[in-house]
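Participant: I have a structure I would like to understand better, so I am pasting it below and will then ask my questions one at a time.
The values are calculated or read from the model by the stated rules, or taken from the named source; none is laboratory data. Computed from a predicted model, the values in this text were never measured in an experiment. We place every Cβ from the backbone using ideal geometry, glycine too, and count neighbours over all the protein chains shown. The protein model used for the area step is the full one, side chains on, heavy atoms only, and it has no ligands, DNA or RNA in it. Shrake-Rupley method; radii C 1.70, N 1.55, O 1.52, S 1.80 Å.
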Amino acid sequence: MNQRSYYSNTPPLHYSVPLLGHFVSGKKMCVKAIAIVAALFLVAPATAQARDVIHKGDVVVVPLRGEVAPSLLAFLRRAVKTAEGSEASAIIFEMNTYGGRLDAAADIVNALNQTNIPTYTFINTNAGSAGAIIAIATQHIFMAPVSAIGAAAPILPTGEDLPATAKEKTISYWSALIRGSAIKNGHNPDIAEAFINKDKEVKIGDRVVHPRGAVLALNAQEATERINGKPLLAEGVVYSIADLTKKAGLKGNVVAIEPTGFEQMAFWLTALAPLLLLGGILGAYLEFKIPGATLPGIISAICFALFFFGHYVAGLAGWEVVALFILGIVLVLIEILFFAHSTIVFGVVGVFLILASLLWTMIDRYPGQNFFPTGKMLAVPLLNLFIAIIGSLIVIALLARYLPRTTIYRRFALMDSNPPGPSLAGVPREFTTALALKPGMQGTAVTVLRPSGKARFADHVVDVVTEGEFIAPQTPVTVIQTDGMRVVVKGAAQV
């Protein structure tokens with residue numbers, strides 16, 4: 001189609017199509033968002049295929065193997081919430097790890113210390129470094145005959161020691177954390193601190209169990225040694241999970257929860273939450289900004305779907321927040337399409353529901369906790385939402401200023417505002433030379449300008465565009481700029 005603006009004497013009624021197009025476009029976007037979110041959540045039950053059904057009173061076994069990393073945290077969070085939600089009688093963490101990232105270990109320790117059901121660690125070979133810190137966060141520790149725990153001194157990813165100042169701060173912080181965790185779970189805090197601090201001496205009564213000069217590591221026999229009638233750390237040596245349940249007196253059926261391939265995906269999607277929110281917001285803005293374009297709406301729906309899907313798999317969100325989000329979208333669409341010039345109630349409520357659902361999705365809430373989140377639980381979700389909203393506002397401000405001047409935008413605007421059909425058949429096209437439009441000339445909007453549409457100047461109907469604002473039909477407009485065949489207008493009251 002020729003991209004030149006033209007005039008015609010066609011009655012304004014025939015130009016109601018752009019508004020209908022926006023209505024259809026908005027409905028399509030809503031349908032896309034719902035369809036894509038639903039499709040991903042229909043796939044999500046595949047994550048449960050590897051899970052056995054857990055009944056009340058069952059003993060849940062959770063493997064903690066390999067590197068301690070954020071993906072392990074996502075799996076453990078889901079496992080703990082599943083066990084608590086099913087009212088399991090106990091959780092046994094079968095551990096075989098040489099350690100890993102301290103930040104992930106800290107989050108795992110925090111999750112375990114919030115657990116409301118008895119927790120056990122079965123050290124099946126190794127509980128090194130960060131693994132020892134995690135084991136201390138459980139209430140009962142059992143070890144295989146040939147196994148070890150300890151040596152949790154922090155080091156750089158390259159294996160080198162931390163710089164002196166950083167090392168002192170790190171050891172001080174982690175010593176306090178691991179001591180608090182040990183006290184909460186009934187372990188000797190001096191033993192726990194000696195795992196991470198080589199300057200910590202461990203003395204029980206008159207006996208020096210561990211001298212200063214090296215970080216503590218214990219094998220199964222050392223950890224289960226009884227001093228003054230109490231084990232040094234571990235409650236016993238066991239050969240298997242079945243042996244542990246027998247010695248610990250656990251009666252329920254043993255059910256294992258295995259990690260799925262979605263746990264790693266969940267880590268990346270939750271880590272990229274601010275970018276996904278940014279993409280979703282910008283895509284929705286461009287869907288309504290560019291008439292006739294559907295790709296931004298699809299991108300927006302995909303971004304929001306991935307955002308909810310990642311948090312669902314990570315155990316942070318459920319179906320209720322998705323329903324809340326979709327309800328918010330519907331209310332905003334109702335506001336834009338039906339009540340844009342009369343009320344703002346639907347829009348305000350819709351935006352509130354959307355923001356509330358996005359925020360609630362990112363809150364890490366465990367069964368049994370209060371309904372209203374604490375400040376600590378809100379800190380990261382609020383930061384992510386703040387980054388996404390501020391980033392969106394900056395990009396939207398730039399797009400509102402420069403997008404209408406681009407060739408791509410003008411092509412979509414003209415395709416939408418000048419649809420082919422009987423209403424235009426046989427109407428002679430008069431180009432801009434037929435009427436000299438200059439800044440300051442007054443006219444009237446014939447169609448809604450969103451931001452492109454038609455306005456009447458004298459006896460001529462002209463294709464015009466605003467600088468981003470919406471203008472209702474029959475509103476006086478004023479030409480503020482002409483650039484070749486492009487006519488930019490504003491509401492007369494705004495000039």
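Participant: Would you tally the residues in region 236-259 being in a helix (DSSP H, G or I) and open to solvent by 40 Å² or more (accessible area, probe 1.4 Å)?
Facilitator: Total satisfying the criteria: 3.
Participant: Which pairs have Cβ atoms under 8 Å, sit 6 or more apart or on different chains, and link a residue in region 218-243 that is within 14 Å of ILE136 (Cβ to Cβ) to one that is buried (at least 18 other Cβ atoms within 10 Å of the Cβ) and charged (D, E, K, R)?
Facilitator: LEU232/GLU222
Participant: Can you find a residue in region 73-96 that is outside any helix (DSSP H, G or I), modelled with pLDDT under 95, in contact with a helix residue (DSSP H, G or I) (Cβ under 6 Å, 6 or more places away or on another chain) and at positive phi?
Facilitator: Looking for residues that are outside any helix (DSSP H, G or I), modelled with pLDDT under 95, in contact with a helix residue (DSSP H, G or I) (Cβ under 6 Å, 6 or more places away or on another chain) and at positive phi, one finds none in region 73-96, hence no.
Participant: Now a separate question. Look at ALA137 and say whether it is within 17 Å of ALA106 (Cβ to Cβ) and touching a residue at least 40 places away in the same chain (Cβ under 8 Å).
Facilitator: Answer is yes for this residue.
Participant: Pick from ALA166, ALA106, ALA111: which is open to solvent by 10 Å² or more (accessible area, probe 1.4 Å), over 17 Å from ALA194 (Cα atoms), small (Gly, Ala, Ser) and in contact (Cβ under 8 Å) with a residue 60 or more places away in the chain?
Facilitator: ALA106
Participant: Which of the residues spanning region 172-216 are open to solvent by 80 Å² or more (accessible area, probe 1.4 Å) and either at pLDDT below 90 or not in a helix (DSSP H, G or I) (or both)?
Facilitator: Answer for region 172-216, where residues must be open to solvent by 80 Å² or more (accessible area, probe 1.4 Å) and either at pLDDT below 90 or not in a helix (DSSP H, G or I) (or both): TYR173, LYS198, ASP199, LYS203, ASP206, ARG207, ARG212.
Participant: Return the residues of region 119-150 that are open to solvent by 10 Å² or more (accessible area, probe 1.4 Å), out of contact with any helix residue (DSSP H, G or I) (no Cβ under 7 Å at 6 or more places or on another chain) and not β-branched (Val, Ile, Thr); say none if nothing qualifies.
Facilitator: Answer for region 119-150, where residues must be open to solvent by 10 Å² or more (accessible area, probe 1.4 Å), out of contact with any helix residue (DSSP H, G or I) (no Cβ under 7 Å at 6 or more places or on another chain) and not β-branched (Val, Ile, Thr): ASN124, ASN126, GLY128, SER129, GLN139, ALA148.
Participant: Looking only at region 447-460, count how many residues are among the hydrophobic types (A, V, I, L, M, F, W, C), over 22 Å from LEU286 (Cβ atoms) and either crowded, with 23+ Cβ neighbours inside 10 Å or modelled with pLDDT under 85 (or both).
Facilitator: The total comes to 2.
Participant: Has region 151-171 got any residue that is in contact with a strand residue (DSSP E or B) (Cβ under 6 Å, 6 or more places away or on another chain) and in a strand (DSSP E or B)?
Facilitator: The answer is no; no qualifying residue exists.
Participant: Among the residues that make up region 153-161, is at least one of them open to solvent by less than 50 Å² (accessible area, probe 1.4 Å) and touching a residue at least 24 places away in the same chain (Cβ under 8 Å)?
Facilitator: Yes - at least one qualifying residue is present in region 153-161.
Participant: Report every pair of residues separated by at least 6 positions or lying on different chains whose Cβ atoms are under 6 Å apart, first residue within region 277-300 and in a helix (DSSP H, G or I), second crowded, with 21+ Cβ neighbours inside 10 Å and modelled with pLDDT under 75.
Facilitator: Partner pairs satisfying both residue conditions: GLU287/MET29; GLY297/MET29.
Participant: Next question, about the same structure. Inspect all residues belonging to region 136-147 and state whether any of them is part of a helix (DSSP H, G or I), at pLDDT 90 or above and over 21 Å from VAL59 (Cα atoms).
Facilitator: Within region 136-147 (the criterion being part of a helix (DSSP H, G or I), at pLDDT 90 or above and over 21 Å from VAL59 (Cα atoms)), the answer is no, since none of the residues qualifies.
Participant: Let me ask another. Which number in (1) buried (at least 16 other Cβ atoms within 10 Å of the Cβ); (2) at pLDDT below 80; (3) within 22 Å of the chain's Cα centre (by Cα) marks the one condition that TRP268 misses?
Facilitator: If we test TRP268 against (1) buried (at least 16 other Cβ atoms within 10 Å of the Cβ); (2) at pLDDT below 80; (3) within 22 Å of the chain's Cα centre (by Cα), just (1) comes out false.
Participant: Is there any pair linking a residue in region 321-333 that is hydroxyl-bearing (Ser, Thr, Tyr) to one that is outside any helix (DSSP H, G or I), with Cβ under 8 Å and at least six apart or on different chains, and which?
Facilitator: Hits for this filter: zero, empty list.
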